[in-house]
């Protein structure tokens, strides 16, 4: 299974959350400036978070009397949600800077969170990004299984110094901004992450999108940018390893995977990719040890079963694909992707009646308008097939 890490917010990502910076080896500098790749200029961190002058003027006018006031935050966030695409599924090119997101309002959750942070900061609020520790979740894109992650944003009023006293406030003076309501309503653990980590996630997503498009120079430029701005971001090293493996540079791929795992021992995506590399280099015993361990960890994860089903589907092993999709459904009947997987499989097998049945079930369980409309369009196509 070829897996990349992206943060789509529901952006390829497994970021290291523990404080390991002082416990790990220095980053492998020999992976930078590889002559095989041409370095492209990428966005700076300032450009990622910058608001242009037009945006600042609009904010100043709209919130002239409410700078630093949390009561304006809901109005600000509703503006973003009502005008944007609330889908949090991976879309190539959907990772945008704050200014691009404001102008297009059709971006993924990471981009919306970056925009919300910059706008709130301009309004005098203090923002803190948080990584949400959701279960591993995969989305298939052009043969790559993209592992998605999620972040949200906590906003609060800065404490004000008044003479010899500091204003103290409680949690009611805080607002949590989350662009994936199905996730935010769950009690998942969160960890504060830095602005630099978010920029690394931005670069990681852009690199993953470039890799899917086979633009290896651009992918390398973004992955190196991610590791430069946050050397302890495991997802960046893991995806750099995927790139090296794709171009058959197995030695560098192994170095990248091993460092990704050293930074975050819970990066099962990098561990699984290391097993694939072991298979490619005739070290089957080492690969088997990793695969057995990961299978035990992931056996109760429905999204893993969906990812395996998608792999079997690509190989046209329809019976095995259905087995995995059914297992995913048994683990969690609420997940629409398992029903879509079965619908897709039956369609390829020529069973239009069964494909329609499971497509309808997928549409009924979809939470976002983006998915509902997508399934509605596929149902219309299946209906045409059924009439012919």
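Every number here is computed from the coordinates shown, using simple stated rules; none is lab data. Because the structure is predicted, anything quoted here is derived from the model rather than measured. Methodologically, a virtual Cβ is constructed for each residue, glycine included, from the backbone with ideal geometry; neighbour enumeration extends over all protein chains shown.
A few notes on this one:
- Footprinting exposure proxy ranking of 47, 196, fewest other C-beta atoms within 10 angstrom first, gives 47, 196.
- Rel. contact order, % - alpha carbon contacts under 8 angstrom, at least six apart, the range 248-388: 13 percent
- Taking other C-beta atoms within 10 Å as the exposure proxy, 224, 114 rank 224, 114 from fewest upward.
- Peptides ranked, highest mean first, by Cβ atoms within 10 Å: ranges 260-267, 351-358: 260-267, 351-358
- Computed from label points 7 Å out along Cα-Cβ, the spacing between residue 288 and residue 314 is 2.5 nm.
- Distance from the range 232-250 to the range 351-386 (C-alpha centre basis), Å: 36 Å
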